[in-house]
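Scroll down for the structure; my scribbles are underneath it.
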Amino acid sequence: MTSASGNTVAFTLSATGAPAAAPVLQPFDLFPTRIWQARLPSLRGELGDWVAAVLRMRAESPEPAGRTNRNGWNSRDMAVLEQPAFTPLRDAVRAGCASALREMGAPSARFDLQSWVNLHDRGGFNFLHVHEGCLLSGSFYLQVPPGSGQFVFRDPRPGVVHGYVKGAVPNGYSDIRLAPEAGLLVLFPCWMEHFVEPHASDAPRIAIAFNALPASAGGMP
């Protein structure tokens, strides 16, 4: 059938020759994947001091730890949030993780925090990775100059990349890009593959990355 506008319209005929009524479809969203974001305006007054503290850490120990960070610096210290200067941020991160774990059905999960600096110079990035064996992972952004690389979550469904439909629609394939900002807290399941796009500013992009580990587990995944 051709419409008045010239477009072809496809429809199905019933046995009587009349157009068949579309069935009423009841949708079910399976395998939901949730991340969380929070802006922490009460901590914005601390950001300048925390950036200065990170730059002192780098000056005192300039060799990066490596891991997934390239063209930048990350701390060998894996307990940055335990430093007294970061106590308000540590408390906020712990409260956020506890809230997220309640939503995940694990309200009684006991956890320790593992935390480190993730800093990118111009051209810096993190390659695709996961944080294996954790309860939750996340980042808090201290400094995000214009041109900062975005934080990208890879679609966790292994088969969806082969589907016909692309984009952020039901059953479509689409990576999710998060534009960070100073004072933003992000939490996500540790098994979600993620990476950071290359940084395009002469001012460094600085975040505190962290994992909520099962209590007394220790060690970097």
Calculate, in nm to one decimal, what Arg44 and Ala65 gain on full extension: separation in residues at 0.36 nm each, minus their alpha carbon distance.
4.8 nm
Cys with no candidate disulfide partner in the chain (beta-carbon separation under 4.7 Å rule):
Cys97
Please list, in order, the residues from segment 122-139 whose amide nitrogen is less than 20 Å from a point placed 7 Å along the Cα→Cβ vector of Ala106.
129-139
Given backbone amide H placed at 1.01 Å from N, residues whose amide H is under 5 Å from that of Trp73, ignoring those fewer than 5 places away on the same chain, are Leu119, His120, Asp121
What is the Å³ per residue value for the convex hull set by the Cα atoms of the chain?
191
Compute the relative contact order of the chain as a whole-number percentage, counting only Cα pairs closer than 8 Å that sit 6 or more residues apart in sequence.
27
CD proxy at 222 nm, helix term only [per DSSP H run n ≥ 4: -39500 (n - 2.57); per residue of the chain; nearest 500]:
-4500 deg cm²/dmol
Once R0 is set to 22 Å, what does the formula 1/(1 + (r/R0)^6) return for the Cβ-Cβ distance between Val165 and Leu25, expressed as a FRET efficiency to the nearest 0.05?
0.85
Hand me the chymotrypsin sites (Phe, Trp or Tyr not before Pro) from segment 134-179 located in a DSSP loop with no more than 12 other Cβ atoms within 10 Å, in residue order please.
Tyr164
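Throughout, read-outs are computed from the coordinates displayed, never taken from laboratory work. Keep in mind the model is a prediction, meaning the values are calculated, not measured. FYI the Cβ positions are ideal-geometry reconstructions off the backbone, even for glycines, and counts take in every protein chain you see.
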